[in-house]
Amino acid sequence: MSFLSRFFGRDVAERSKADPNLTNCSFGVVQRNKIIANAETLIAKGKIEAAIKEYEHLLEESPNDVNALNRIADLLFRINRNDEGRKILINIADHYVKQGLFLKAIAYYKNANKVEPSIDIDAKIADLYAMQGLPTEAKGSASTRQVANVKSSEHYMLKCIECDFTHHVPRDRIDNDFRFSVDVDACRMTCVYGPAGHPRQFVVTLEMKEFFMLTTVPESGQILEASIGPNMRALHGHLLSHCDPLFLIIRQSQNHTEHQYTKKPEGNTYVKFSAEHGIDVVGVIDVAKAEIPGVSE
């Protein structure tokens, strides 16, 4: 019986009682790195099933190694074993809920919902947001939510530099009172609200070059959000799963708000996100003019 067969018969949260550190592994560093190198070599050769078995060796020794579990889930998705990959993400999320690490749990639930939307998972996400005093975010989490989006002949794909996570955003869009544009080189999105030259015109930007690469891809038929806020919410949980604490640098003027996700604090106005300690706002920030996940919804 393979490790995955046993894995699906036992909940991660139950196994974590014996090993509360989800990323702990008792392999020596050299042995662990050798296994990972072997697996990645197999992946490069297109031998995904064999690579999964290599990663299973890490789980035999430390079944709660979240990095190995994540990689196995990614590989399962590559070979269309989506149900198995999705279940791994949900089990990890359930574990984080029992540990009280709600933001990490939300990130994994959202990733699972991208594979196959579920009303039950939506309800869990909404409950977790509500437990943190964020009812507005909870209201917006449902997969059946109606949104004003746009399809275009081309769109852009944000690719995480640390894993296979991707997120799609529309190509440049211009309406009478709204302009959405993307700077590929700077990995930045920009929204301009209001007609050109209007004194009340407002500009919002989002930069993520520390975490993502941005490329142009053909139209896939996806419905995409042409605004900053919904894209930030979709990306935020994933960023926190890789970087905890996570910092969002805020730069503001009267008609402009700039956002930049970073791994370290910078300047005197930023928001610190931590799965364990929650959200801290540093400096004077006009929250009403900023799209800050969990703060200005």
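The values are calculated or read from the model by the stated rules, or taken from the named source; none is laboratory data. Note that this is a predicted model, so its numbers are computed, not measured. Ideal geometry is used to build each Cβ from the backbone, glycine not excepted, and the neighbour counts take in all protein chains shown.
Points to keep in mind about this one:
- Failed item in (1) part of a helix (DSSP H, G or I); (2) within 23 Å of GLU49 (Cα to Cα); (3) without any contact (Cβ under 8 Å) to a residue 40 or more places away in the chain, with ASN80 passing the rest: (1)
- Residue within region 41-60 that is modelled with pLDDT of 90 or more and of a type in the set (Gly, Ala, Ser) present: yes
- The listed residues are ILE279, ILE292, and the only one of them that is over 25 Å from ARG171 (Cβ atoms), aliphatic (A, V, I, L, M), in contact (Cβ under 8 Å) with a residue 24 or more places away in the chain and out of contact with any Asp or Glu (no Cβ under 6 Å at 6 or more places or on another chain) turns out to be ILE292.
- Selection within region 52-67: residues that are assigned to a helix (DSSP H, G or I) and of a type outside the set (D, E, K, R). The member of this set that is surrounded by the fewest Cβ atoms within 10 Å (Cβ to Cβ) is ASN67.
- Residue in region 69-77 that is surrounded by fewer than 17 Cβ atoms within 10 Å (Cβ to Cβ), small (Gly, Ala, Ser), modelled with pLDDT of 80 or more and out of contact with any Phe, Trp or Tyr (no Cβ under 7 Å at 6 or more places or on another chain) present: no
- All positions within region 155-177 that are of a type in the set (D, E, K, R) and at pLDDT below 85: ASP164, ARG171, ASP172, ARG173, ASP175, ASP177
- Residue within region 260-274 that is within 16 Å of the chain's Cα centre (by Cα) and among the aliphatic types (A, V, I, L, M) present: no
- Hey, VAL217 out of contact with any helix residue (DSSP H, G or I) (no Cβ under 6 Å at 6 or more places or on another chain), in a strand (DSSP E or B) and closer than 30 Å to ARG71 by Cβ or not: yes
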